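Student: Here's a structure for you.
We did not get these values from a lab; they are worked out from the coordinates using the rules stated. Just so we're clear, the structure is a prediction, and the values are computed from it rather than from any experiment. Positions of Cβ are generated from backbone atoms using ideal geometry, with glycine treated the same way; all protein chains shown enter the neighbour counts.
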Amino acid sequence: MRDTERRTTRNATPTDGARRRLRAVARRAAVLCSAAALLAVPLWPAQGASGSGGNEGKGWRGSWATSVQQPGPGFFPNWSEKGFERQTVRQVVRVSEGGGSARFALSNRYGAAALKVAGATVGRTGEGASVRKGTVRPLTFGKRGSVTIPAGAKTFSDALPMRVRPLESLTVTLYLAEPTGPATFHMTSLATSYRASGDHRADESGAAFTETSESWYYLAGVEVRGREGGRGDGGRDEDGRGEGGRRDGVVAFGDSITDGYGATVDADNRFPDELAERFAREGRPRPVLNHGISGNMITTGTPGTGESGVDRFAKDALAERGAGTVLVLEGINDIGLGGSGGEIPDVSVEQLVAAHRDLIGQARAKGLKVIGATLLPFKGAEYFTERGEAKRDALNDWIRTSGAYDKVVDLDRAMASPDDRDRMAPAYDSGDHLHPNDAGYRAMAEEAAEVF
């Protein structure tokens, strides 16, 4: 957990209003979701936009990541639909692995036009929107202080020599002078982002940042290179492999349960965060990268919940440098939302299995190991039905017994109430009977760590 003396935390257990917004987002997304709409979404090119000197060299590996989404309404109010103009956005992320230098990925995957970033900085996180004194550093892109990112592309900053410690929080600040239009973003960050009018990228104080949001904007990843003390690149090649071809990064891929919905805001208690902490405590630190999207489905994509898991897997999970394992936890939204009277189609167990096999095949084609996680109990959730429960049981049985995955994390059994195995244990329940609380996410991480 992040040092709570430095950051103000507040409970993010979903309220009735938040759950109503979740349902509204799903319904609105379903109506908008047509084959034509999905085909019109610009894709993130495999190499992205260049124009950045940070793309050269060897040894880069992911240390923090998020999956970006199409602009639109979310569970909570956000700034993505209108975008930014003459405004500064300050965002906080926590890396999982340290290094001697870092670079920062910005994404315009869903932009309708080129994105012009007038300037950017990074600093060590202080309290709230503040940055620790003397730590603000400018970011450059191809040795320039500004960058233009084409629609549908991403770019990296130049390498910034700085000691990054494992599990350290960094504050990235973007000044967006010209109108951006709707902004590529990540809807449910479980972290406070801050906005100020005018150019405040160099501010150490957070006083100018009077507006807040619980989403990330344009920021898509942090990669590190070299050792924490800055002594070279550790012998890793350009894919993040170490000596002997080692790739030990873990990508957690899924929906809102991977995303962390229900955890305390600003506390880094998402399940992948807790897994990274467990590795660090055991003296075997490794990158853990969160590619969950709240509301995401493995078989179906909507503008509000992201492209389907099958469609976004290569662009999100498989694009991470230094990753050797993907942990898949997805399918409960397909079961709960599908065939419920909206435009999201009903899905069979056979279709769910086929989608999981698709992900497994994609991962293995890239040389990655793939771990399957059984779906958590959801009895009592708003979209629970006995028919859905039968599908969950059947899919979980396939994940456990088919041998299709390299290993299995049985989160169903780990998280179930001893009094009713179809219901989440009360000690782990955030209150909506679908998403875990902080203790539940910690228990998930403990269970997952046993298979590594």
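Student: How far is it, in nm, from the label point at E228 to the one at K82 when both lie 7 Å from their Cα along the line to the Cβ?
Tutor: 4.2
Student: Using the charge dipole of region 247-449 (Lys, Arg: +1 at Cβ; Asp, Glu: -1 at Cβ; taken about the Cα centre), state which of S294, A425, H356 has its Cα farthest towards the positive end.
Tutor: Farthest along the dipole direction, towards plus: H356.
Student: Name the shape class, rounded, prolate or oblate, that the alpha-carbon gyration tensor gives for region 68-225, where a ≥ b ≥ c are the square roots of its eigenvalues, rounded holds for a/c under 1.5, and otherwise prolate holds if a/b is larger than b/c and oblate otherwise.
Tutor: Because its axes are fairly even, with a/c under 1.5, region 68-225 counts as rounded.
Student: When we measure straight from the Cα of K143, which lysines land under 23 angstrom away, once same-chain ones fewer than 8 places off are left out?
Tutor: K58, K116, K154
Student: Something else: Hey, which lysines would be in cross-link range of K369, C-alpha to C-alpha under 18 Å, not counting anything within fewer than 8 residues on its own chain?
Tutor: Qualifying lysines at Cα under 18 Å: K315, K407.
Student: Also, quick follow-up: Filter the trypsin sites (Lys or Arg not before Pro) in region 381-411 to those in DSSP coil with at most 16 other Cβ atoms within 10 Å of their Cβ, and list the result.
Tutor: Counting only loop positions with at most 16 other Cβ atoms within 10 Å, none of the trypsin sites (Lys or Arg not before Pro) in region 381-411 qualifies.
Student: Also, I was wondering about something else. Given the alpha-carbon gyration tensor of region 318-452, what are the semi-axes of its equivalent ellipsoid in whole angstrom, ordered largest first, with each equal to the square root of 5 times an eigenvalue?
Tutor: 24, 20, 13
Student: So, one more: For S63, enumerate residues with amide H under 5 Å from its amide H, sequence gap 5+ or separate chain, H modeled in the peptide plane.
Tutor: When sequence neighbours closer than 5 places are left aside, the close amide H contacts are V222, E223, V224.
Student: Could you run the Karplus curve 6.51 cos²θ - 1.76 cosθ + 1.60 with θ = phi - 60° over region 199-211 and give me ³J(HN,Hα) per residue in whole Hz, x for Gly and Pro?
Tutor: 9, 10, 5, 8, 5, 7, 6, x, 4, 6, 8, 8, 10
Student: Taking the Cα centre of region 68-225 as the origin, how large is its charge dipole in debye, to the nearest 20, when only Lys and Arg (+1) and Asp and Glu (-1) carry charge on their Cβ atoms?
Tutor: Its charge dipole is roughly 480 debye.
Student: On to the next question. Using the Karplus curve 6.51 cos²θ - 1.76 cosθ + 1.60 with θ = phi - 60°, work out ³J(HN,Hα) for each residue of region 102-117 in order, rounded to whole Hz, and write x for Gly and Pro.
Tutor: Karplus values, whole Hz, x for Gly and Pro: 9, 9, 10, 9, 10, 10, 10, 4, 10, x, 7, 8, 4, 9, 9, 9.
Student: Report the gain in length on full extension from E204 to R284: 0.36 nm times residue separation, minus Cα-Cα distance, nm rounded to one decimal.
Tutor: So the chain would gain 25.4 nm between E204 and R284.
Student: Can you compute the modelled spin-label distance between A404 and D419, with each label point 7 Å from Cα toward Cβ, in nm?
Tutor: According to this spin-label approximation, the distance is 3.5 nm.
Student: Additional query: If R₀ is 25 angstrom, what is the calculated FRET efficiency for the pair L160 and S197, using the beta carbon separation as r and rounding to 0.05?
Tutor: 0.40
Student: While we're looking at this one, here's another question. For the residue pair R144 and K116, what label-to-label distance in nm results when each label sits 7 Å from Cα along the Cα-to-beta-carbon direction?
Tutor: 1.1
Student: Between V451 and S340, what FRET efficiency follows from the Cβ-Cβ distance if R0 is 30 Å, with the result rounded to 0.05?
Tutor: Once rounded, the FRET efficiency stands at 0.35.
Student: What is the magnitude of the charge dipole of region 247-449 about its Cα centre, with +1 placed on the Cβ of each Lys and Arg, -1 on the Cβ of each Asp and Glu, and no other charges, expressed in debye to the nearest 20?
Tutor: Dipole magnitude for region 247-449 comes out near 880 debye.
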